[in-house]
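S.K.: Starting off with a structure, shown below.
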Amino acid sequence: MTKEERLKKRHNAEKRFRFYGLLSVSLAVIFVLVLIQNIVSKGSSAFSRTTIATDISFNADLLEIEGPITKKSLEEAEFYDLAVESILKIYPSKDSKEERQVLRLFSPDYEYEIKRYLIKNPDKINQVASVELTSSDDVDQLNKGNFPRDLPEDRRRVSNFQLNIYDNLVEDGKIGKKFNDYFFSKGDSRDPELAGIGGSLMGSFFTITICLILSFPIAIMASIYLEEFAPKNRITDFIEININNLAAVPSIVYGLLGLGILLSVMDFPRSTPLVAGITLSLMTLPRIIIPCRASLKAVPPSIREAALSVGASKFQTVFHHVVPLAMPGTLSGTIIGLAQALGETAPLILIGMVAFVVDIPGTPVDPSASLPVQVYLWSEQAERGFVEKTSATIMMLLGFLIVMNFIAVYLRQKFEKKWN
Amino acid sequence: MKTFKNIIAILAILSFASYANARDQIKIVGSSTVYPYATVVAEQFGKKGSFKTPVIESTGTGGGMKLFCAGIGVNHPDITNASRAIKSKEKALCEKNGVKDIIEVVVGNDGITFSHSTKAPDANFTKEQLWRALAAKVDIDGKLVENPYKKWSDIDSSLPSKKIEILIAPPTSGTRDAWNSLVMVKGCTKGAKSLYEANGKKAKKECAKMREDGYAVEAGENDTLIVQKLAANPDAYGFFGYSYLLANKDKIKAAAVNGVKPSLEGIQDYSYPIARPLFFYAKKAHVGVVPGLKEFLAEFTSKKAMGSRGYLTDIGLVPLASDKYKITRTAAKDLVTIKLN
């Protein structure tokens, strides 16, 4: 083999390696894009809801209010009769069966929506006003094109009669699309059009807050002690090995720990963010301690020596000079640890966070769900409307994770000192 | 550091203060089959405004019984849902832990459908054919052999000449339990049963064993996933509750079993051969302790919920026949308890 041939061979080897590298990067990018495209295309429609503009005659007699009409008396009034009477007027129906079909075009919350409208606009009493009522999930899915309409009637969720009304409404321009505020403000529901992530968002917030309060101070103290003060001997070596091992323990094991100790022995209430926060902080502790120690280690010894040489005590050296310099790394480590805790599902299932919770939790001891668990719960529902809700919740969760990771990167880039 | 201390102190006080008080929210655990119905009732109950919305956790029938029978008091659930009746073992566990007065409520009936894609031609199977397609061992010419059937036409020449492909629920699921007792045991031939007994084995247990050679595929607890897989593959079959068929009838349809297709009426009078009752169990000792429990039982068993035009019927629950309904309504209203032994 001549010199040129050998050179060519070496160059070819490099070219091949570059090609493989490029191939794996592009494969990874394609996988991520396909995943995101799949989630976004399924989930983006969940951010709008279909409304039906309906003329409601606010006949005060039907509300059966005794005495003057005030905000309070309206809040206590039954709006069912008034709502049904006006809604049935959108299309003439022959019998009670058809009337039921007309009512089923709307979400079961129509009476409350009409009530809220009147309380907001009290001058409309004894007048007719057009109110945008939320449609049922069947109409919603039909309007968004997720239900095929050319199937025979017995295979459709929407009957011919209902389809006819829907087409009339579309012609009259009564069907509208609105930003789905329910998705953010409401708790879980069995009606997809009324289900929201408000409850699980609060649940996740409480969980992460408790996790932060518990794990951050403990992790920082532990890492400062181990890195700066502890003598190097067999015991500290043993502790260090164990911390590294604990960081690799599957999260479900911590769930079992929470179930066995917090719920069974200490009798903490089931399905609450308090228990979830404690369980997840056990899981996050080692995962925060490791980057904290690494960032303390990265502070050059010259800083410590300089402080000690001008007479600072060990305590002053560490807290006045070393810890502030290590803070960016410490914070970004903590945020990434918390981001992992936010996306955790398995341990929460064991401590009973997989529950149907309608009321939005107000304290960490109220039963609640969390975002990843909500994804799991909705993915099992039979109704078609939950498919888009599931994907939309994944989008929200991904959004939070991206924001948290971005903050971590930003903190590190902005405040980290480079030692040359 | 001071703020940290304060926050921890506040949290601790908060948690123990509200924990010391009695729970003001009904807690329900149990079967994933009853879960969709119980959640709808809970939501309706909460909307009325007098009480908080109950919290429902889907743990499976067996897991629910374990939690339910663990004891009396606010730390234990008030109600457990079940897709089968309480077993004597579970009754014993309940009694051991002081859960003595249990109210049994029959919620309604549920049919298990054997479904496939709407793109496939209609099909009809007998229970024996279904057993032969799924069983681990079948009897051929008086001998028990490993299941040799690869195509439906191998079982019976009238069936289509398509590969057998069935998505099955995992052994932990209540639907699988019901399928085992209603199809696998009933469809098991006399010949196979006597052969098992001759070998000193329990026929019921052996008949229910499913093949593991790739023709019956475990698809996980997620019925929605099974529906998606069936829609994508016209040759595959799967079994799940009637409500999933109703919600997805643009994608899947049910095969007839013994010539009968699943329908509301057929499941109600059990003329559709794979139908079963659904239950929930409540603790009488918690009535008056947990606010709203009695009212919740009344709401669940009301005509508005469970009746033939009730809101549970809309999502696929098959209502009880009127004589059975009366029994269940009285049990819920007068808090009639069942015998534990």
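The values are calculated or read from the model by the stated rules, or taken from the named source; none is laboratory data. Quick caveat: nothing in here was measured; it's all calculated off a predicted structure. Here the Cβ positions follow ideal geometry from the backbone for every residue, glycine too, while neighbour counts run over all protein chains shown. In case anyone asks, the SASA skips ligands and DNA or RNA and just uses the protein heavy atoms, side chains included. Shrake-Rupley method; radii C 1.70, N 1.55, O 1.52, S 1.80 Å.
S.K.: Taking the condition basic (Lys, Arg), within 21 Å of residue A:202 (Cα to Cα) and under 33 Å from the mean Cα position of the chain (by Cα), does residue A:287 pass?
M.R.: Here the answer is no, as residue A:287 does not meet what is asked.
S.K.: Based on what the data block shows, is residue A:216 aromatic (Phe, Trp, Tyr) and within 14 Å of chain B (Cβ to nearest Cβ)?
M.R.: Details: aromatic (Phe, Trp, Tyr): yes; within 14 Å of chain B (Cβ to nearest Cβ): yes.
Judged against the criteria, residue A:216 is a match.
S.K.: Considering only residues that are touching a strand residue (DSSP E or B) at 6+ places or on another chain (Cβ under 7 Å), under 25 Å from residue B:315 (Cβ atoms), of a type in the set (D, E, K, R) and in contact (Cβ under 8 Å) with a residue 40 or more places away in the chain, which ones fall in the range A:97-143?
M.R.: A:109, A:140
S.K.: Same structure again: Being of a type outside the set (A, V, I, L, M) and open to solvent by 70 Å² or more (accessible area, probe 1.4 Å) is true for just one of A:120, A:124, A:186. Which residue is that?
M.R.: Working: A:124 fails: open to solvent by 70 Å² or more (accessible area, probe 1.4 Å); A:186 fails: open to solvent by 70 Å² or more (accessible area, probe 1.4 Å).
So the residue among A:120, A:124, A:186 that is of a type outside the set (A, V, I, L, M) and open to solvent by 70 Å² or more (accessible area, probe 1.4 Å) is A:120.
S.K.: Identify all residues within the range B:179-207 that are hydrophobic (A, V, I, L, M, F, W, C) and either at pLDDT below 85 or open to solvent by 20 Å² or more (accessible area, probe 1.4 Å) (or both); write none if there are none. Spell out the reasoning first.
M.R.: Initially, the range B:179-207 is screened for residues hydrophobic (A, V, I, L, M, F, W, C), giving B:179, B:182-185, B:188, B:192, B:195, B:198, B:203, B:207.
Within the range B:179-207, B:182, B:185, B:195, B:198, B:203 qualify.
S.K.: Take the conditions of a type outside the set (Ser, Thr, Tyr), within 11 Å of chain A (Cβ to nearest Cβ) and surrounded by 22 or more Cβ atoms within 10 Å (Cβ to Cβ) and apply them to residue B:223. Does it pass?
M.R.: Details: of a type outside the set (Ser, Thr, Tyr): yes; within 11 Å of chain A (Cβ to nearest Cβ): yes; surrounded by 22 or more Cβ atoms within 10 Å (Cβ to Cβ): yes.
When the stated conditions are applied, residue B:223 passes them.
S.K.: Continuing with the same structure: From the set of residues in the range B:300-326 that are open to solvent by less than 10 Å² (accessible area, probe 1.4 Å) and at pLDDT 85 or above, which is nearest to the other protein chains (Cβ to nearest Cβ)?
M.R.: Taking the candidates together, the pick is B:312.
S.K.: Inspect all residues belonging to the range A:130-147 and state whether any of them is open to solvent by 60 Å² or more (accessible area, probe 1.4 Å), away from chain B (no Cβ under 13 Å), over 22 Å from residue A:79 (Cα atoms) and in contact with a helix residue (DSSP H, G or I) (Cβ under 9 Å, 6 or more places away or on another chain).
M.R.: Of the range A:130-147, the ones open to solvent by 60 Å² or more (accessible area, probe 1.4 Å) are A:130, A:132, A:146.
If we keep only those that are away from chain B (no Cβ under 13 Å) as well, we get A:130, A:132.
Add one more test, that the residue is over 22 Å from residue A:79 (Cα atoms), and what stays is none.
Checking the range A:130-147: not a single residue is open to solvent by 60 Å² or more (accessible area, probe 1.4 Å), away from chain B (no Cβ under 13 Å), over 22 Å from residue A:79 (Cα atoms) and in contact with a helix residue (DSSP H, G or I) (Cβ under 9 Å, 6 or more places away or on another chain).
S.K.: In this structure, does residue A:98 turn out to be open to solvent by less than 70 Å² (accessible area, probe 1.4 Å), among the acidic types (Asp, Glu), farther than 19 Å from residue A:161 by Cα and in a helix (DSSP H, G or I)?
M.R.: On the way: open to solvent by less than 70 Å² (accessible area, probe 1.4 Å): yes; among the acidic types (Asp, Glu): yes; farther than 19 Å from residue A:161 by Cα: no; in a helix (DSSP H, G or I): yes.
Spelling it out, it is not the case that residue A:98 is open to solvent by less than 70 Å² (accessible area, probe 1.4 Å), among the acidic types (Asp, Glu), farther than 19 Å from residue A:161 by Cα and in a helix (DSSP H, G or I).
S.K.: Only one of (1) closer than 18 Å to residue B:316 by Cβ; (2) of a type outside the set (S, T, N, Q); (3) part of a strand (DSSP E or B) fails for residue B:281. Which number is that?
M.R.: The number of the failed condition is (1).
For (1) assigned to a loop (DSSP other than H, G, I, E, B); (2) modelled with pLDDT of 90 or more; (3) assigned by TED's automatic domain parsing to the domain that holds residue B:311, each residue gets a yes or a no:
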{"site": "B:11", "(1), (2), (3)": "no, no, no"}
{"site": "B:25", "(1), (2), (3)": "yes, no, yes"}
{"site": "B:33", "(1), (2), (3)": "yes, no, yes"}
{"site": "B:41", "(1), (2), (3)": "no, yes, yes"}
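S.K.: Tell me, which strands (runs of 3 or more DSSP E) lie completely within the range B:52-129 with 1 or more residues that are under 25 Å from residue B:334 (Cα atoms), more than 13 Å from chain A (Cβ to nearest Cβ) and touching a residue at least 12 places away in the same chain (Cβ under 8 Å)?
M.R.: Fully inside the range B:52-129 and qualifying: B:79-82, B:102-117.
S.K.: Based on this model, can you work out whether residue A:210 counts as modelled with pLDDT of 90 or more, crowded, with 16+ Cβ neighbours inside 10 Å and closer than 17 Å to residue A:284 by Cβ?
M.R.: Details: modelled with pLDDT of 90 or more: yes; crowded, with 16+ Cβ neighbours inside 10 Å: yes; closer than 17 Å to residue A:284 by Cβ: yes.
So residue A:210 passes the test.
S.K.: Then there's this: Filter the range A:317-374 for residues that are small (Gly, Ala, Ser) and more than 29 Å from residue A:249 (Cβ to Cβ) and give the result.
M.R.: Within the range A:317-374, the first condition is being small (Gly, Ala, Ser), and the residues that meet it are A:326, A:329, A:332-333, A:337, A:339, A:341, A:343, A:346, A:352, A:355, A:362, A:368-370.
Across the range A:317-374, the qualifying residue is only A:362.
Rundown of residues vs (1) at pLDDT below 90; (2) closer than 22 Å to residue A:112 by Cα; (3) under 42 Å from the mean Cα position of the chain (by Cα); (4) part of a loop (DSSP other than H, G, I, E, B), yes/no style:
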residue: A:11; (1), (2), (3), (4): no, no, no, no
residue: A:19; (1), (2), (3), (4): no, no, yes, no
residue: A:22; (1), (2), (3), (4): no, no, yes, no
residue: A:39; (1), (2), (3), (4): no, no, yes, no
residue: A:56; (1), (2), (3), (4): yes, yes, yes, no
residue: A:69; (1), (2), (3), (4): yes, yes, yes, yes
residue: A:72; (1), (2), (3), (4): yes, yes, yes, no
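S.K.: Sticking with this structure for a sec: Please find, within the range A:352-378, the residue that is farthest from the other protein chains (Cβ to nearest Cβ) out of those that are among the hydroxyl-bearing types (Ser, Thr, Tyr) and open to solvent by less than 30 Å² (accessible area, probe 1.4 Å).
M.R.: Step one: filter the range A:352-378 for residues among the hydroxyl-bearing types (Ser, Thr, Tyr), giving A:363, A:368, A:370, A:376.
In the following step, the residues that additionally are open to solvent by less than 30 Å² (accessible area, probe 1.4 Å) were identified as A:368, A:370.
Details: A:368: 9, A:370: 14 Å.
If we take residues in the range A:352-378 being among the hydroxyl-bearing types (Ser, Thr, Tyr) and open to solvent by less than 30 Å² (accessible area, probe 1.4 Å), then A:370 is farthest from the other protein chains (Cβ to nearest Cβ).
S.K.: Here's another thing I want to ask about it. Going through the range B:149-169 one residue at a time, which ones are under 16 Å from residue B:214 (Cβ atoms), assigned to a loop (DSSP other than H, G, I, E, B) and touching a helix residue (DSSP H, G or I) at 6+ places or on another chain (Cβ under 7 Å)? Break it down into steps so the answer makes sense when it comes.
M.R.: Let us first name the residues in the range B:149-169 that are under 16 Å from residue B:214 (Cβ atoms), namely B:149-152, B:154, B:162-168.
Applying the additional criterion that residues be assigned to a loop (DSSP other than H, G, I, E, B) yields B:149-150, B:162, B:164-165.
B:149, B:162, B:164 - these are the residues of the range B:149-169 that are under 16 Å from residue B:214 (Cβ atoms), assigned to a loop (DSSP other than H, G, I, E, B) and touching a helix residue (DSSP H, G or I) at 6+ places or on another chain (Cβ under 7 Å).
S.K.: Check B:100, B:91 and return the single one that is assigned by TED's automatic domain parsing to the domain that holds residue B:290 and either at pLDDT below 90 or open to solvent by less than 20 Å² (accessible area, probe 1.4 Å) (or both). I'd like the intermediate steps shown before the answer.
M.R.: On the way: B:91 fails: either at pLDDT below 90 or open to solvent by less than 20 Å² (accessible area, probe 1.4 Å) (or both).
Just a single option satisfies the conditions, and that option is B:100.
S.K.: Select from the range A:379-389 the residues that are modelled with pLDDT of 85 or more and buried (at least 22 other Cβ atoms within 10 Å of the Cβ) and write down the one among them that is nearest to the other protein chains (Cβ to nearest Cβ). Break it down stepwise before answering.
M.R.: Taking the range A:379-389 and keeping what is modelled with pLDDT of 85 or more, we get A:379, A:385-389.
Filter once more, keeping what is buried (at least 22 other Cβ atoms within 10 Å of the Cβ): A:385-386, A:388-389.
Details: A:385: 10, A:386: 8, A:388: 13, A:389: 12 Å.
Looking at residues that are modelled with pLDDT of 85 or more and buried (at least 22 other Cβ atoms within 10 Å of the Cβ), I get A:386.
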